Amino acid sequence: MILDGYTDEPAGLGVPPYIDVYPRYIAGAIWSARKDIKIKYLTVDQARILDYKFFQEANKYDLIIVIAGVTVPGKYLGGRPINIKELEEWFKIIDKPLKMLAGPAAKFGIGTIGGKVAELPTKIKENFDVIIKGDPEIVVYEVIHEDTLEKADPYAVRTSYAEIEEFIIKGTKIVTQHPNYGLNLIVEVETYRGCPRVITGGCSFCIEPLYGLPKFREQKCIVREIEELYRLGVRFFRLGRQPDIFVYKAKRVGVDEFPKPEPLELERLFRGIRNVARHLKTLHIDNVNPGTVAHHPEESKKVAKVIIKYHTPGDVAAFGVESVDPVVVKQNNLKVTMEEALKAVKVINEVGAIRGYNGLPELLPGINLLFGLKGETKRTYEVNYEFLKKIIEQGLLIRRINIRQVMVFPGTRMWSIGDRVIRKHKSYFKSFKLKVKKNIEPVLLKRLVPKGTVLREVFTEKYINEYTYARQVGSYPLMLKIPDKLPLGKFMDFTIADHEHRSAIAIPHPLNVNNAKPKLLKLIPHISRNDVLVILKNRPFKSLEEVHRLLKNKDCLKYLAV
Ligand code: SF4
């Protein structure tokens with residue numbers, strides 16, 4: 001049994017609707033070692049629903065592999081990651097199978113809100129026979145292949161992708177057991193790991209340099225994996241497992257700190273994907289190093305154009321800016337100055353701000369800011385706020401701002417500093433977040449999706465209070481709140497009616513004037529109170545012409561149907 005407790009790392013997301021590489025690679029390793037093994041894949045949310053039946057079921061298996069580790073404990077709409085208490089209690093009750101723990105929790109420990117990654121509590125460690133510190137697929141393969149725990153090295157890592165490509169293909173099948181399969185399941189796909197900036201030591205807080213220089217997967221292998229997933233029915237993909245997709249297969253990796261992107265390599269990759277998955281619905285990217293874009297604007301534009309040619313709109317190049325305070329940049333060996341970060345934002349805007357068929361701009365930058373780093377002072381918060389203000393003043397678009405406090409991992413240069421700065425600057429952090437929420441985010445959101453924008457293929461996911469929450473499937477999807485209970489699990493189109501800080505209020509598109517609730521009618525863009533009353537008094541209508549005749553403001557007709 002594979003129990004997916006979900007993972008969330010800087011390069012890789014595994015909270016539904018996402019499925020990350022861990023369960024797929026592990027399943028593939030098992031089936032590569034012995035094809036007759038029956039694997040049950042279960043998410044932690046499914047286990048919670050099963051309650052005591054889950055323990056009965058789990059106790060019937062020979063081996064249970066638990067995947068866990070969200071770097072920053074947070075709230076997710078799609079699922080609730082496994083928590084410390086569950087890891088402590090559940091696997092005491094489940095005592096028959098061999099038990100292995102995999103994922104970031106096993107490798108690094110458990111993250112606490114704003115602070116250090118703590119070693120796993122002894123109570124949890126005692127529950128498992130193996131805590132996998134290396135690559136889970138390698139360790140699991142050895143255990144199954146040798147049919148014993150004795151020879152398995154929990155620290156074993158892959159030496160190259162060639163070693164696991166067979167696992168990757170065989171493991172794709174596990175997606176058919178995911179609860180979001182056939183609905184909005186989005187598969188996180190890996191293109192490489194390791195960071196080119198390792199030659200200068202990398203950023204002070206980051207674990208990626210621990211993997212050394214990038215090792216790339218071949219295009220044909222990535223394409224083959226997507227072909228297999230597509231054949232199984234997956235329609236949503238994200239190339240999210242790498243620190244910077246723009247330098248995929250860049251030639252001067254290992255020589256230059258910011259190697260020049262190779263648009264042709266990206267073209268080969270994206271074209272290959274489209275060739276085998278012609279009717280995919282989402283193809284997005286994730287992290288991009290703003291330093292790459294600032295140092296190589298022309299090649300970056302070419303890469304962005306390649307991506308736009310083959311991807312789907314609403315895509316995000318998440319820039320790990322972290323901070324633009326020169327002192328913090330220097331002391332933590334970060335990537336860009338304020339000018340360079342602004343330049344990178346502009347470059348992506350020039351190519352990607354154009355609106356695509358699903359209602360969102362093609363490709364926009366996202367901004368990640370990180371606090372609690374070495375050298376941080378009150379001034380750091382002011383400088384970073386200035387940076388965001390400049391984005392607004394220059395009329396630029398960004399997809400979203402992610403403000404976090406550093407999570408300190410053992411083995412990084414931040415380890416000796418720990419959470420000292422975070423604790424000292426708690427109040428600065430809080431007020432910075434508030435200021436951004438109040439003054440910056442609403443302006444950006446209104447630019448991103450002005451009132452009246454129609455978003456296509458939005459998936460209705462959950463009811464919270466009187467609202468239906470819905471999102472498109474992709475990178476950092478915008479949350480829509482619809483003040484009505486719509487059928488769940490459906491793809492629908494929506495008109496943006498109003499804005500909150502980070503989410504938007506929306507109504508179904510087109511809105512049926514004959515049966516829409518008055519509270520939805522009131523939200524039709526540009527409608528007057530009087531026109532709402534006219535609709536309510538005169539419905540049902542037989543045609544839109546009738547509505548047209550009666551309404552004073554004809555602008556709102558384009559959002560309506562009868
Ligand atoms: S550039 Fe910095 S944050 Fe990005 S992967 Fe490299 S070390 Fe990590």
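The values are calculated or read from the model by the stated rules, or taken from the named source; none is laboratory data. These numbers were taken from a predicted model, which means no experiment stands behind them. Neighbour counts are summed over all protein chains in view; Cβ atoms, including those assigned to glycine, are modelled from backbone coordinates with ideal geometry.
Out of all the residues in region 30-42, which are in contact with a helix residue (DSSP H, G or I) (Cβ under 9 Å, 6 or more places away or on another chain) and modelled with pLDDT of 95 or more? Of everything in region 30-42, those that are in contact with a helix residue (DSSP H, G or I) (Cβ under 9 Å, 6 or more places away or on another chain) and modelled with pLDDT of 95 or more turn out to be Ile30, Trp31, Ser32, Ala33, Arg34, Ile37, Ile39, Lys40, Tyr41, Leu42. Scanning region 190-209 for residues that are in contact with a Phe, Trp or Tyr (Cβ under 6 Å, 6 or more places away or on another chain) and either under 24 Å from Pro477 (Cα atoms) or more than 9 Å from the ligand (Cβ to nearest atom) (or both) yields Thr191, Tyr192, Arg193.
Evaluated against (1) closer than 20 Å to Ser475 by Cα; (2) out of contact with any Lys or Arg (no Cβ under 8 Å at 6 or more places or on another chain); (3) crowded, with 24+ Cβ neighbours inside 10 Å, Lys305 falls short on exactly one condition, (3).
Between Leu264, Leu229, the distinction of being surrounded by 24 or more Cβ atoms within 10 Å (Cβ to Cβ), away from the ligand (no atom under 16 Å from the Cβ) and either modelled with pLDDT of 95 or more or assigned to a loop (DSSP other than H, G, I, E, B) (or both) belongs to Leu229 only. Please work out if Gly12 is within 16 Å of the ligand (Cβ to nearest atom) and under 16 Å from the mean Cα position of the chain (by Cα). Judged against the criteria, Gly12 is a match.
For every residue, the table says whether it meets (1) modelled with pLDDT of 95 or more; (2) touching a Pro at 6+ places or on another chain (Cβ under 8 Å).
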residue: Gln177; (1), (2): yes, no
residue: Tyr181; (1), (2): yes, no
residue: Tyr192; (1), (2): yes, yes
residue: Arg197; (1), (2): yes, yes
residue: Phe205; (1), (2): no, no
residue: Gly212; (1), (2): no, no
residue: Glu218; (1), (2): yes, no
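The residues on offer are Phe216, Phe237, Phe167, Phe258, and the sole one that is touching a His at 6+ places or on another chain (Cβ under 8 Å), within 22 Å of Gly14 (Cα to Cα) and among the aromatic types (Phe, Trp, Tyr) is Phe237.
Only residues that are touching a residue at least 60 places away in the same chain (Cβ under 8 Å), among the aliphatic types (A, V, I, L, M), surrounded by fewer than 22 Cβ atoms within 10 Å (Cβ to Cβ) and assigned to a strand (DSSP E or B): list them for region 444-483, please. Within region 444-483, Val454 is the sole residue that qualifies.
Need pairs with beta-carbon distance below 7 Å; first residue closer than 16 Å to Gly320 by Cα and not assigned by TED's automatic domain parsing to the domain that holds Thr282 and within region 353-367, second modelled with pLDDT of 95 or more and of a type in the set (Ser, Thr, Tyr); sequence gap 6+ or separate chains. Hits for this filter: zero, empty list.
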